[in-house]
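The block underneath contains the structure these notes are about, expressed in structure tokens.
The values are calculated or read from the model by the stated rules, or taken from the named source; none is laboratory data. Since this is a predicted model, take the numbers as computed values, not measurements. No Cβ is skipped: glycine too gets one built from the backbone with ideal geometry, and neighbour counts run over all protein chains shown.
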Amino acid sequence: MNFDAKQADVASVILPPPMEQRVLDVRGLNFFYGKHQALFGVDLPVARGKITALIGPSGCGKSTLLRTLNKIYDLYPGQHAEGQILFNGENLLNPREAVEDAPPAAGPAINGDNARLRARIGMVFQRPTPFPMSIYENIAFGVRLHRNVSRAQMDEIVETSLTRAALWDEVKDKLDKSGLSLSGGQQQRLCVARGIAVEPEVLLLDEPASALDPLSTAKLETALIELKQSFTIVIVTHNLQQAARISDYTGFMLMGKMVEFRPSGEAFVRPATAAMRDYVTGRYG
Amino acid sequence: MTEETNGLSRAARQDAFFQALCFSAAMVLMATLAGLLVALVIGGWPALAHFGPKFFISAAWDPVAEDYGAAGPIVGTLVTAGLAMVMALPLAVGIAVFLVEFCPAVLAKYVSMAVELLAGIPSIVYGMWGLFVLAPWFALHVQLPLFYVVDPDSFWGHLFEGIPNGANIFTAAMILAIMVLPYIATVLRELLLSVPTHVREAAYGMGCTPYEVVSRIMLPYIRRSAIGAVMLGLGRALGETMAVTFIIGNSHEFPRSLFASGSTIASTIANEFAEASSDLHVSALLALGLVLFVITFAALVGARLLIGQEKA
């Protein structure tokens with residue numbers, strides 16, 4: 001990709017969803033890997049019950065942005081974020097800050113408790129990451145972390161989650177087999193099932209289909225479209241068709257900035273910025 | 001065309017030569033192992049034939065009366081090594097987890113160095129330290145107080161029975177634990193580091209606390225290879241000679257309590273081989289060596305079986 005810095009300087013075009021629809025609202029986010037700044041004043045409004053896609057060339061910061069939303073970057077001492085990530089009536093980056101116009105709280109205070117935050121903002125990673133346990137346990141494990149349920153309830157949760165992730169029919173007869181015994185596509189849908197089993201409000205997906213074949217990708221996409229009735233989804237993808245097919249809003253990023261954020265239909269048909277137009281038509285530089 | 005064929009066949013010849021070289025390297029190892037086993041069997045045979053199965057269950061060890069039974073050293077070996085593993089394993093897991101998951105990078109360097117240093121200390125140094133420092137301390141601060149506090153007729157009284165000189169099975173196990181600790185900790189640390197980043201992140205991403213990530217995801221992830229680390233430590237504990245000889249008290253009696261003097265197979269052989277006067281004595285010691293060989297081998301096979309089970 002031959003985008004140069006000048007193109008990233010184009011005025012950004014942001015057509016966000018109305019305030020009252022937002023479940024997550026990122027404002028003026030700067031992100032640093034040590035001294036290297038990777039995000040520059042990024043805004044990202046995430047609408048409830050919609051699929052928001054983040055696209056852009058490699059290294060544009062879309063995965064970095066996604067990884068701030070559940071603060072998974074917190075595992076690494078050198079990385080830090082500045083600005084506002086508003087969720088549940090709080091600024092995740094500064095729990096003590098009083099925020100006036102944040103999206104309303106939908107659950108108990110998070111107060112900087114990362115475990116509690118991640119129970120409500122789940123994540124599915126680029127590579128399938130089944131845990132070293134049975135298919136059933138892969139799902140039950142996460143549920144048990146956050147609440148006590150009876151065996152019968154757990155059976156039901158496992159079945160519901162797997163069904164919603166479009167995996168139940170393929171695994172219902174081998175729930176006690178290791179999660180690692182599944183194919184790549186099945187593993188990834190298992191990870192989706194695992195993520196939704198804890199009933200998060202938001203599900204983050206970091207290029208979930210990049211390691212999958214087309215058939216598995218199609219199954220995953222079908223599952224995602226079904227899921228948006230109950231969950232808010234933010235997905236990072238390299239696949240423009242995928243973004244156009246399944247997303248409601250699309251954010252186009254370039255060199256650590258949010259260049260364009262609009263409803264997907266308009267954004268793909270008629271990109272507002274030259275940079276995004278070049279990107280979606282495959283004319284680089 | 002001819003040149004090319006020649007070239008190919010030369011490559012093939014090289015290949016065959018290389019394969020043969022590797023094959024013979026492996027065979028040398030097999031031959032050594034077999035030779036060792038055969039030598040031990042031949043050497044130990046007179047004693048084994050003389051005493052029969054009694055050799056393994058009798059606790060007599062009397063060079064004057066030429067009456068040898070291996071029960072004392074065998075039990076001593078198993079108990080000291082087992083106790084050492086029980087003491088070392090939790091510590092090793094703690095060290096490894098701390099280094100990988102919680103330790104600031106600056107400190108990790110020094111702790112790792114200390115662990116590696118611990119592995120580099122010659123066993124005779126541990127032995128001396130055990131005899132001159134650990135044993136007196138243990139006698140004064142553990143054995144004597146217990147001696148006064150515990151009812152000698154109770155279960156605990158029998159468990160802690162023994163001359164309060166600090167040279168006993170328990171202190172030997174403590175020394176062994178310190179000696180195997182760095183091996184197990186280092187291997188466990190490498191294994192924990194080998195857990196893929198994305199699995200670790202996924203666990204945190206589910207809302208796991210650090211404790212849950214370690215105990216529910218990372219340790220189970222390395223469980224299979226961790227058995228290898230434990231076996232490495234156990235192998236060393238079973239065969240460790242010098243340090244144990246210093247501190248175990250070298251009594252051939254069957255150990256009746258935790259604080260009784262005892263002996264291990266290795267310490268017995270080290271103590272007596274130079275002075276073994278009769279052929280039967282030498283043969284009995286070689287038979288002991290054979291037993292140690294078999295125990296170590298059995299431990300390895302056991303580990304393999306455990307690993308195999310887990311795969312299925």
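Worth pointing out:
- Among the helices (runs of 4 or more DSSP H) confined to region B:133-235, the ones with at least 2 residues that are more than 14 Å from chain A (Cβ to nearest Cβ) and farther than 30 Å from A:Phe125 by Cα are located at B:135-138, B:144-149, B:155-159, B:169-193.
- Only one entry in B:Ala203, B:Ala270, B:Ala266, B:Ala299 is crowded, with 20+ Cβ neighbours inside 10 Å and within 25 Å of the chain's Cα centre (by Cα), namely B:Ala266.
- Among the residues of region A:158-193, the ones that are within 14 Å of another protein chain (Cβ to nearest Cβ) and without any contact (Cβ under 8 Å) to a residue 60 or more places away in the chain come to 10 in all.
- Elements of type helices (runs of 4 or more DSSP H) contained in region A:44-151, each with 2 or more residues being modelled with pLDDT under 90 and closer than 30 Å to A:Leu162 by Cα: A:114-120, A:135-146
- Cβ-Cβ under 9 Å pairs, at least 6 apart or on other chains, region B:19-38 side surrounded by 10 or more Cβ atoms within 10 Å (Cβ to Cβ), far side aliphatic (A, V, I, L, M): B:Leu37/B:Leu290
- Any hit, region A:66-88, residues being away from chain B (no Cβ under 14 Å), within 12 Å of the chain's Cα centre (by Cα) and within 24 Å of A:Ala209 (Cα to Cα): no
- When B:Gly72, B:Gly82, B:Gly43, B:Gly52 are screened for being of a type outside the set (A, V, I, L, M, F, W, C) and more than 25 Å from the chain's Cα centre (by Cα), only B:Gly52 passes.
- When A:Ser150 is tested against (1) free of Cβ contacts under 8 Å to residues at least 24 places away in the same chain; (2) within 30 Å of A:Gly41 (Cβ to Cβ), only condition (2) is not met.
- Selection count where residues are hydrophobic (A, V, I, L, M, F, W, C), within 12 Å of B:Ala185 (Cα to Cα) and away from chain A (no Cβ under 14 Å), scope region B:86-106: 10
- Close pairs (9 angstrom Cβ cut-off, 6 or more residues apart or separate chains): touching a residue at least 24 places away in the same chain (Cβ under 8 Å) in region B:159-177, of a type in the set (Lys, Arg) anywhere: B:Glu161/B:Arg256; B:Gly162/B:Arg256; B:Leu176/B:Arg236
- Any hit, region A:50-63, residues being closer than 21 Å to A:Ser230 by Cβ and within 14 Å of chain B (Cβ to nearest Cβ): no
- Number of residues in region B:122-138 that are without any contact (Cβ under 8 Å) to a residue 60 or more places away in the chain and surrounded by 18 or more Cβ atoms within 10 Å (Cβ to Cβ) equals 1.
- When we screen A:Arg144, A:Arg127, A:Arg116 for residues that are within 20 Å of the chain's Cα centre (by Cα), over 20 Å from A:Leu205 (Cβ atoms) and within 14 Å of chain B (Cβ to nearest Cβ), the only hit is A:Arg116.
- Those residues of region B:239-263 which are in a loop (DSSP other than H, G, I, E, B), under 20 Å from the mean Cα position of the chain (by Cα), closer than 12 Å to B:Ile169 by Cα and not hydroxyl-bearing (Ser, Thr, Tyr), in sequence order: B:Ile248, B:Asn250, B:Pro255, B:Leu258
- Flag for A:Pro200 being modelled with pLDDT of 90 or more, within 19 Å of A:Ile233 (Cα to Cα) and facing chain B (nearest Cβ under 10 Å): yes
- Qualifying residue in region A:105-113 (condition: surrounded by 14 or more Cβ atoms within 10 Å (Cβ to Cβ) and polar (S, T, N, Q)): no
- Among residues of region A:208-228 that are under 13 Å from A:Cys191 (Cα atoms), those with a beta-carbon under 8 Å from a residue that is in a helix (DSSP H, G or I) and aliphatic (A, V, I, L, M) at least six positions away or on a different chain give the pairs A:Pro208/A:Val192; A:Pro208/A:Leu220; A:Ala209/A:Leu220; A:Leu220/A:Val192; A:Ala223/A:Val192; A:Leu224/A:Val192; A:Leu224/A:Ile246.
- Qualifying residue in region A:147-156 (condition: away from chain B (no Cβ under 14 Å) and surrounded by 16 or more Cβ atoms within 10 Å (Cβ to Cβ)): yes
- B:Ser263 vs. criteria of a type in the set (S, T, N, Q) and closer than 17 Å to B:Leu99 by Cβ: no
- Hey, A:Ala267 in contact with an Asp or Glu (Cβ under 9 Å, 6 or more places away or on another chain), at pLDDT below 90 and not in a helix (DSSP H, G or I) or not: no
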